[in-house]
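Have a look at the structure below, then the notes.
The values are calculated or read from the model by the stated rules, or taken from the named source; none is laboratory data. Please read all numbers here as calculations on a predicted model, not as lab measurements. Positions of Cβ are backbone-derived with ideal geometry, glycine not excepted, and every protein chain shown enters the neighbour counts.
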Amino acid sequence: MARIFAGVATSHVPAVGAAIDNKRTDEPYWQPLFKGYEASKRWIAAAKPDVVILVYNDHASAFSLELIPTFALGCATEFPPADEGWGPRPVPTVQGYPELAWHLAQSLILDEFDITIVNKMEVDHGLTVPMSLMFGEPAAWPVKVIPLAVNVVQYPPPTGNRCFQLGKAIRRAVESFDQDLEVVIFGTGGMSHQLQGPRAGLINKDFDARFLDRLVSDPLALSRMPHVEYLREAGSEGVEMVMWLIMRGALDDRVKEIHRFYHVPASNTAVGHVILENWPPE
Ligand SMILES: [Fe+2]
């Protein structure tokens with residue numbers, strides 16, 4: 001049986017990818033941020049997952065306003081890095097896992113989650129930055145990746161509750177796959193940030209700290225938080241954090257917090273990161 005044994009939440013700030021690609025990680029501005037991920041790289045290197053289900057949002061790279069799937073599951077054999085305006089990031093092409101991805105599609109759709117199946121897709125910083133933060137700069141990514149792109153760009157995004165319930169359905173799907181696989185699920189985006197309008201630059205450290213606490217210990221209540229609270233407290237782009245609830249829904253009710261990191265600023269965004277293992281950790 002396949003199983004999801006851990007979850008990772010992390011911001012996916014595009015400037016973080018640029019700092020890595022331009023060899024600027026040791027600069028005083030960036031060094032504290034990358035230091036916060038050193039333990040994470042050690043953890044995942046030791047955990048050696050076979051597969052990462054990577055929940056992220058596309059930023060008008062694979063999709064546009066012409067087509068806006070709420071949940072888009074990548075079932076292809078590979079996903080090249082997208083050109084976001086300055087050339088594709090110099091990172092390896094992501095290797096998919098079509099057999100498991102199609103199993104997830106079947107299980108989720110029969111479980112009444114009407115996801116979109118994607119057989120060709122480029123992946124942008126939303127997916128590649130978390131990969132770089134967790135795995136560094138290898139010649140090839142050491143895991144297969146199943147991308148799950150969530151619309152959090154164009155209103156209306158899915159509710160926190162829908163995301164939390166989808167996480168539970170993903171867990172059921174993974175556990176009904178008949179191969180022995182160790183799976184980690186990533187939820188990415190956030191934390192508080194607003195990119196435009198009079199409140200551009202908004203950061204809310206208190207809200208972010210509370211969000212992390214509730215994500216760990218009271219995710220059910222957190223999943224009921226309405227969009228307007230994300231927007232008011234965490235800025236217009238803070239609603240990306242509903243994606244963290246997909247990750248959390250796929251884990252046990254009780255989890256062990258392995259690592260937590262919070263840092264401001266990274267570009268104009270608060271960076272948050274947490275690693276959770278099912279309880280008891282094995
Ligand atoms: Fe984003």
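Here are the numbers for this structure:
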{"item": "Single match in Glu112, Glu122 (criterion: on the phi > 0 side of the Ramachandran plot and not aliphatic (A, V, I, L, M))", "result": "Glu112"}
{"item": "Residue in region 57-76 that is in contact with a Lys or Arg (Cβ under 6 Å, 6 or more places away or on another chain) and within 16 Å of the ligand (Cβ to nearest atom) present", "result": "no"}
{"item": "Residue within region 28-44 that is more than 15 Å from the ligand (Cβ to nearest atom), acidic (Asp, Glu) and without any contact (Cβ under 8 Å) to a residue 60 or more places away in the chain present", "result": "yes"}
{"item": "Selection count where residues are touching a strand residue (DSSP E or B) at 6+ places or on another chain (Cβ under 8 Å) and not hydrophobic (A, V, I, L, M, F, W, C), scope region 165-187", "result": "5"}
{"item": "Matching entry among Ser40, Ser61 (being over 25 Å from Ala169 (Cβ atoms), of a type in the set (S, T, N, Q), surrounded by fewer than 22 Cβ atoms within 10 Å (Cβ to Cβ) and in contact with a His (Cβ under 7 Å, 6 or more places away or on another chain))", "result": "Ser40"}
{"item": "Answer residue from region 175-200, given it is within 16 Å of the ligand (Cβ to nearest atom) and surrounded by fewer than 18 Cβ atoms within 10 Å (Cβ to Cβ) and is nearest to the chain's Cα centre (by Cα) among those", "result": "Leu195"}
{"item": "Options Ala234, Ala266; residue that is at pLDDT 95 or above and among the small types (Gly, Ala, Ser)", "result": "Ala234"}
{"item": "Complete set of residues in region 121-140 that are away from the ligand (no atom under 15 Å from the Cβ) and out of contact with any strand residue (DSSP E or B) (no Cβ under 6 Å at 6 or more places or on another chain)", "result": "Glu122, Met134, Phe135, Gly136, Glu137, Pro138, Ala139, Ala140"}
{"item": "Residue satisfying all of: in region 201-229; in contact with a helix residue (DSSP H, G or I) (Cβ under 7 Å, 6 or more places away or on another chain) and basic (Lys, Arg); farthest from Arg254 (Cα to Cα) among these", "result": "Arg224"}
